[in-house]
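Student: Below are the structure tokens for one structure; questions will follow.
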Amino acid sequence: RTELPIKEIMSSGGAEDDIPQAERKTVTDFCYLLDKSKQLFNGLRDLPQYGQKQWQSYFGRTFDVYTKLWKFQQQHRQVLDNRYGLKRWQIGEIASKIGQLYYHYYLRTSETSYLNEAFSFYSAIRQRSYYSQVNKEDRPELVVKKLRYYARFIVVCLLLNKMDVVKDLVKELSDEIEDYTHRFNTEDQVEWNLVLQEVAAFIEADPVMVLNDDNTIVITSNRLSETGAPLLEQGMIVGQLALADALIIGNCNNQVKFSELTIDMFRMLQALEREPMNLASQMNKPGMQESTEKPARRENPHKYLLYKPTFSQLYTFLAASFKELPANSVLLIYLSATGVFPSGRSDSEGPYDFGGVLTNSNRDIINGDAIHKRNQSYKEMHCLHPGDLYPFTRKPLFIIVDSSNSVAYKNFTNLFGQPLVCLLSPTAYPKALQDQSQRGSLFTLFLNNPLMAFLFVSGLSSMRRGLWEKCQDYLRKINRDIAQLLTHSRSIDQSFLQFFGDEFLRLLLTRFIFCSATMRMHKIFRETRNYPESYPQLPRDETVENPHLQKHILELASILDVRNVFLENTLDDY
């Protein structure tokens, strides 16, 4: 009954007698590829997570084997069905591993197009129902594979802002978890329900909804688009440094997270990426660039995402980034972390006397804690102090600190004369502002999606798409004007201008100034600790308190009909 299809597959046209031999070879080859792929995949865990070169050849080999395996099972599906008993969930497993490979390739390279590849493999699993038969088998470990696939697929969809797909997946995952716990009475029910709660909170973290005319939610992306950063204009003298590497560190207690990404980390990583695009179409646009110009697109900066790292982990990754930083490049450190304040009184004012931000303690070092309680003159151990970053200021360093003790980093010293800037969040927000801290920091929201942050502080929670787009256009105009203010300032520190040549850093700097100017004009932000600060300090009258910029902010408030939230005569108030 099965011979005719087998003959068709075996295009070599040999005698019928040796078909079983060929089939045996097919099964043997498949088993070899399957074992080899599993070995290589498991070996990925042993690769160092830092350092950009060692992993590439190993990843390449793993990809090659999986590509062969995937094509092999497609070409020989019938033989494998009949002779090996290949099940659909096993094909799903291979596809899922390829999806994971692409996702990890994205994590290693920061190239967003790999996310699209991961998405297409994960989507195929769902569309072709590869895992649908798993529930009929009495094997809980298979169902767990299916649940993990859902969780991984959700992470990729979140990173691609495919929120409509996320909502469908969450519903399906919820049904799967219910079925799983009902059938197997397992101990991990609480953990899986926590996964559902985390993703639900993550989806709802944005404080403002943008709505279409039919009241469906508009999905807004906050990656850098071609019109994103203000262009450099004639006469703007800026540095040629490029952002090459970034450490994104999240260690806030009780902030919304999913997988190992807090909402702050999620927002910041998108602010450091370009929109995913079809590379082929980019290359073939005729007349897009003159021969003297470089191609329009360059790579995303490489990133390390560190969730609740210990001090030693953080320092290891920092040292690896520092070591591999190319010439004329910038290292960015983003710290979103709980503040650690000095425990004792100190007579000196050095880089270890103001505390810093929290690093994770793997296990409470009982001995260390006991010493602390005995002697107030020791410094906080599980803390990244400003002084800890001094060695790395030998190269251009751009630091963003979002913390209740961000001002500790105001006491920086530029020892080596390299470009160095620290952007520091407010250390407290006004009581009258509804507490959003669990759903992400307001300061980081301004750096990632300034219009949404502006709407939130103006008391708005939803908005029509047309008005949103009108305001985005106006905000682009404000950004252009901020770029003019910065580059024409007579008294600004040169470090700001050194970084201003890079698109990502230019956008972060203009958004920082917009954030600071907005908060200084807002009626309820009245204390100094409510305002962002920077090291070196910006000349206020030329930037964050510039009358021209203040006029723009009032104009934006007028478009939104929230002008009453802001002070009209701010200049007289200082």
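The values are calculated or read from the model by the stated rules, or taken from the named source; none is laboratory data. Keep in mind the model is a prediction, meaning the values are calculated, not measured. Don't worry about glycine lacking a Cβ; one is built from the backbone with ideal geometry, like all the others, and counts go over all protein chains shown. SASA here: full protein model, heavy atoms, side chains in, ligands and nucleic acids out. Shrake-Rupley method; radii C 1.70, N 1.55, O 1.52, S 1.80 Å.
Student: In this structure, does ILE553 turn out to be in contact with a His (Cβ under 7 Å, 6 or more places away or on another chain) and either over 21 Å from PRO207 (Cα atoms) or not polar (S, T, N, Q) (or both)?
Tutor: It is false that ILE553 is in contact with a His (Cβ under 7 Å, 6 or more places away or on another chain) and either over 21 Å from PRO207 (Cα atoms) or not polar (S, T, N, Q) (or both).
Student: Quick check, is GLU3 surrounded by fewer than 10 Cβ atoms within 10 Å (Cβ to Cβ) and modelled with pLDDT under 50?
Tutor: In short, yes.
Student: Can you find, within region 136-145, the residue that is farthest from TRP192 (Cα to Cα) among those that are part of a helix (DSSP H, G or I) and open to solvent by 10 Å² or more (accessible area, probe 1.4 Å)?
Tutor: The extreme case among them is LYS136.
Student: Can you find a residue that is in a helix (DSSP H, G or I), aliphatic (A, V, I, L, M) and crowded, with 23+ Cβ neighbours inside 10 Å anywhere in region 399-409?
Tutor: Checked against the condition, which is being in a helix (DSSP H, G or I), aliphatic (A, V, I, L, M) and crowded, with 23+ Cβ neighbours inside 10 Å, region 399-409 yields at least one hit.
Student: List pairs: first residue in region 533-551 and assigned by the TED database to the domain that holds ILE400 and within 12 Å of LYS410 (Cβ to Cβ), second residue at pLDDT 95 or above and open to solvent by less than 40 Å² (accessible area, probe 1.4 Å) anywhere in the structure, Cβ distance under 6 angstrom, at least six positions apart or on different chains.
Tutor: GLU533/LEU424; SER534/LEU423; TYR535/CYS422
Student: Still on this structure, please answer the following. I'd like to check which helices (runs of 4 or more DSSP H) are fully inside region 160-278 and have at least 1 residues that are not assigned by the TED database to the domain that holds LEU358.
Tutor: 163-184, 189-203
Student: Does region 386-397 contain at least one residue that is among the basic types (Lys, Arg) and out of contact with any Cys (no Cβ under 9 Å at 6 or more places or on another chain)?
Tutor: Yes, some residue in region 386-397 is among the basic types (Lys, Arg) and out of contact with any Cys (no Cβ under 9 Å at 6 or more places or on another chain).
Student: Okay, moving on. Hey, LEU549 hits all of (1) farther than 24 Å from ALA432 by Cα; (2) open to solvent by less than 40 Å² (accessible area, probe 1.4 Å); (3) not in a helix (DSSP H, G or I) but one; which does it fall short on?
Tutor: Unmet condition: (3).
Student: It is to be established whether one or more residues within region 82-101 are surrounded by 18 or more Cβ atoms within 10 Å (Cβ to Cβ), in the same structural domain as LEU142 (by the TED database), modelled with pLDDT of 95 or more and among the hydroxyl-bearing types (Ser, Thr, Tyr).
Tutor: yes
Student: Also: Can you tell me which of GLN73, GLN21, GLN133 is more than 17 Å from ARG152 (Cα to Cα), of a type outside the set (Gly, Ala, Ser), surrounded by 14 or more Cβ atoms within 10 Å (Cβ to Cβ) and over 22 Å from the mean Cα position of the chain (by Cα)?
Tutor: Unique residue meeting the criteria: GLN73.
Student: Regarding region 490-512, can at least one residue be identified that is touching a strand residue (DSSP E or B) at 6+ places or on another chain (Cβ under 7 Å), basic (Lys, Arg) and surrounded by fewer than 21 Cβ atoms within 10 Å (Cβ to Cβ)?
Tutor: Taking every residue of region 490-512 in turn, none turns out to be touching a strand residue (DSSP E or B) at 6+ places or on another chain (Cβ under 7 Å), basic (Lys, Arg) and surrounded by fewer than 21 Cβ atoms within 10 Å (Cβ to Cβ).
Student: Is there a residue being assigned to a loop (DSSP other than H, G, I, E, B) and of a type in the set (Asp, Glu) anywhere in region 416-435?
Tutor: yes
Student: Continuing with this model, one more query. Being open to solvent by 10 Å² or more (accessible area, probe 1.4 Å) and under 18 Å from the mean Cα position of the chain (by Cα) is the filter; apply it to region 304-323 and report the residue that is farthest from LEU335 (Cα to Cα).
Tutor: PHE317
Student: Continuing with the same structure: Exactly one condition in (1) closer than 22 Å to LEU269 by Cα; (2) of a type outside the set (A, V, I, L, M, F, W, C); (3) touching a residue at least 40 places away in the same chain (Cβ under 8 Å) is not met by SER489; state its number.
Tutor: In the conditions (1) closer than 22 Å to LEU269 by Cα; (2) of a type outside the set (A, V, I, L, M, F, W, C); (3) touching a residue at least 40 places away in the same chain (Cβ under 8 Å), SER489 misses (1) alone.
Student: Condition test on ASN215, is it open to solvent by 20 Å² or more (accessible area, probe 1.4 Å) and under 30 Å from LYS477 (Cα atoms)?
Tutor: The answer is yes for ASN215.
Student: Follow-up. Is it fair to say GLU545 is touching a helix residue (DSSP H, G or I) at 6+ places or on another chain (Cβ under 9 Å) and over 21 Å from ILE399 (Cβ atoms)?
Tutor: Answer is yes for this residue.
Student: Anything in region 30-51 that is modelled with pLDDT under 95 and of a type in the set (Asp, Glu)? List them, or say none.
Tutor: Selection gives ASP46 alone.
Student: Another question, then. Looking at region 158-181, I want the residues that are under 28 Å from ASN449 (Cβ atoms) and have a partner that is open to solvent by 20 Å² or more (accessible area, probe 1.4 Å) and modelled with pLDDT under 95 with Cβ atoms under 6 Å, at least 6 apart or on another chain. Which pairs are those?
Tutor: ASN161/ILE219; ASN161/SER221; MET163/ILE219
Student: If you don't mind, another one. Can you tell me how many residues in region 479-497 are aliphatic (A, V, I, L, M) and not in a helix (DSSP H, G or I)?
Tutor: 1
Student: Moving on. Assuming LEU445 fulfils every condition listed in (1) under 20 Å from GLU275 (Cβ atoms); (2) surrounded by fewer than 17 Cβ atoms within 10 Å (Cβ to Cβ) apart from one, which condition is it?
Tutor: Condition (2) is where LEU445 drops out.
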